[in-house]
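The values are calculated or read from the model by the stated rules, or taken from the named source; none is laboratory data. Only a predicted model underlies this, so the values are computations on that prediction, with no experimental measurement involved. Quick reminder, even Gly has a Cβ in these numbers, built from the backbone with ideal geometry, and neighbours come from all protein chains shown.
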Amino acid sequence: MIELPKTYYGKFKQFNGWNKVSYSQYTSFLGYREQYIQEYFLGFKQPSGMFAEYGSAIGDYLETNKRSLILSENDVEILDTIYRPETARYEVEVVIDLEPFGLKRTCLQGFIDQEYDTDGVLVLNDFKTGNYKERLNKYGGGIENYAQTRIYAYQRDLEGKKVDRCGVVFLGRKGNVRKEDATERNAHNILRLSGEKDYIPTPYNRGEVEDFIQETLVPTVKEISRYYKIFKNVSER
């Protein structure tokens, strides 16, 4: 029996009360296990870092055109070059039933950064910022390196929708000083977009995604469940 620290409640009511995992939880557990346990088991919510806040401000602007004070005029000019059709949808929730993969009453929840229709097929995009030189190391290559957009495309495929393409819209980022913390000495290092931009395709293949879920995601979810059960047993003594 799977038991996870998060439970789904939302618009997909058939999953209400089910164990919930996300792709970010999966990567967090693999890469930052101690932090994951502190946040999801112990409830010690980590404060959002400046890069997370900056990324959120960018996402909000792309969706609503509302500019946060974090963003500069130059940032906005760069963001305005990104293709945003009027029919595009943002932060679109998707939920995947993991029971067919052997996880009873367990689902994967995610949010598509940008989705739109073109000639009767779907385009799915994820927006990312970071060191431009590292973009392909993080998001290029096969599904074993980056699976998020492919998993979301899989959910759309299960709904009978045809996905034309999915990928990462990557924006180069520089600096590590908040605008409000800038001084004459560090003003050159204010957090900002560099102007470098790339589209990184993440080709979708249904069999590949199903193999990834079964062989990589599911074992990790089972491990999270095992850790969580041990934690609950210890804390209840």
Seminar exercise, completed: From the option list E77, E180, E184, E86, single residue qualifying as closer than 23 Å to G55 by Cβ, charged (D, E, K, R), at pLDDT below 95 and not in a strand (DSSP E or B) is E180
Problem set entry | Qualifying positions in segment 156-182 - touching a strand residue (DSSP E or B) at 6+ places or on another chain (Cβ under 7 Å) and farther than 23 Å from Y139 by Cα | K161, V177, K179, A182
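For segment 216-237, enumerate the residues that are surrounded by fewer than 16 Cβ atoms within 10 Å (Cβ to Cβ) and within 14 Å of R150 (Cβ to Cβ).
Within segment 216-237, just T216 meets the criteria.
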Problem set entry | Scan of segment 153-179 for residues that are in contact (Cβ under 8 Å) with a residue 24 or more places away in the chain and surrounded by fewer than 18 Cβ atoms within 10 Å (Cβ to Cβ), ordered by number | D157, L158, K161, K162, D164, R165, N176, R178, K179
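A quick yes/no check of all residues on (1) crowded, with 16+ Cβ neighbours inside 10 Å; (2) modelled with pLDDT under 95; (3) in contact with a Cys (Cβ under 6 Å, 6 or more places away or on another chain):
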| position | (1), (2), (3) |
| --- | --- |
| T7 | no, no, no |
| Q14 | no, no, no |
| Y32 | no, yes, no |
| E39 | yes, yes, no |
Exercise. How do the pairs read when you match residues in segment 34-52 that are farther than 25 Å from K174 by Cβ with residues anywhere that are among the acidic types (D, E) and surrounded by 11 or more Cβ atoms within 10 Å (Cβ to Cβ), using Cβ under 7 Å and keeping only pairs 6 or more apart or on different chains?
Worked result: K45/E39
Seminar exercise, completed: Note on D113: of the conditions (1) touching a residue at least 60 places away in the same chain (Cβ under 8 Å); (2) surrounded by 12 or more Cβ atoms within 10 Å (Cβ to Cβ); (3) under 24 Å from Q25 (Cα atoms), unmet is (1)
Exercise. Which residues, counting only those in segment 1-23, are without any contact (Cβ under 8 Å) to a residue 60 or more places away in the chain and either assigned to a strand (DSSP E or B) or under 15 Å from the mean Cα position of the chain (by Cα) (or both)?
Worked result: T7
Exercise. Name the pairs: first residue in segment 214-237 and over 13 Å from N19 (Cα atoms) and of a type in the set (D, E, K, R), second residue surrounded by 11 or more Cβ atoms within 10 Å (Cβ to Cβ) and modelled with pLDDT under 95, Cβ to Cβ under 9 Å, at least 6 apart or on different chains?
Worked result: K232/F41
